[in-house]
Amino acid sequence: MAVYETDDHVGHTVRARGGLWVPGLVNLALGVPAIVPLYLLWWLLTEYLPMDCRQVEDVVKPGVTNCNYTTLDHAGVVMFLLAVTGLFMLALVFLVDVVLPRRRGRRTGVWLTAGLLVPVPFMVCLVLA
């Protein structure tokens, strides 16, 4: 369905630019750099949280079966990188999906709905890996 709006400068109805394609493609493009924080979150959920220990001292305790020193060693760095890259991506998505459409007089609802496409490139990488 074509979307039409009134052009104030000309005085007649013209077709609105973009439609649903522009927000979708922009949010898919945002999904490419979002692979980094999404992968870090995936690593924390699949490697760090299932472990039975949370400190290095827990590795030598008897009865602990699911404890990996390498995962414990990397967890702090991964959490820091997740915080930095995650905040950067959230700010970028907010800028692209809320601030810029409002400035240009576009509907933010369409852009926010298209924001659901941001994790699609990461999911495609998971399926292909």
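Before moving on, here are some points about what is shown:
- Entry remark, region 85-113: residues being part of a helix (DSSP H, G or I) and of a type in the set (D, E, K, R) number 3 in total.
- Whichever residue in region 114-129 is in a helix (DSSP H, G or I) and open to solvent by 90 Å² or more (accessible area, probe 1.4 Å) and, among such residues, is nearest to Y39 (Cα to Cα): M123
- Number of the condition not met by E57 [criteria: (1) surrounded by 14 or more Cβ atoms within 10 Å (Cβ to Cβ); (2) at pLDDT below 90; (3) assigned to a helix (DSSP H, G or I)]: (1)
- When region 89-112 is limited to residues that are open to solvent by 40 Å² or more (accessible area, probe 1.4 Å) and touching a residue at least 60 places away in the same chain (Cβ under 8 Å), the one that is nearest to the chain's Cα centre (by Cα) turns out to be L92.
- Candidates in region 60-88 are the residues that are over 18 Å from the mean Cα position of the chain (by Cα) and among the hydrophobic types (A, V, I, L, M, F, W, C); of these, the one that is modelled with the highest pLDDT is V77.
- Taking region 19-54 as the range and being assigned to a loop (DSSP other than H, G, I, E, B) and touching a helix residue (DSSP H, G or I) at 6+ places or on another chain (Cβ under 9 Å) as the test, the residues that pass are G19, L20, V32, P33, A34, M51, D52, C53, R54.
- Residues that are modelled with pLDDT under 90 and exposed (fewer than 13 other Cβ atoms within 10 Å of the Cβ), drawn from region 22-51: L49, P50
The values are calculated or read from the model by the stated rules, or taken from the named source; none is laboratory data. Computed from a predicted model, the values in this text were never measured in an experiment. For neighbour counting, all protein chains shown are included, and Cβ atoms are generated from backbone atoms with ideal geometry for every residue, glycine included. All accessible areas refer to the heavy atoms of the entire protein, side chains included, with ligands and DNA or RNA removed. Shrake-Rupley method; radii C 1.70, N 1.55, O 1.52, S 1.80 Å.
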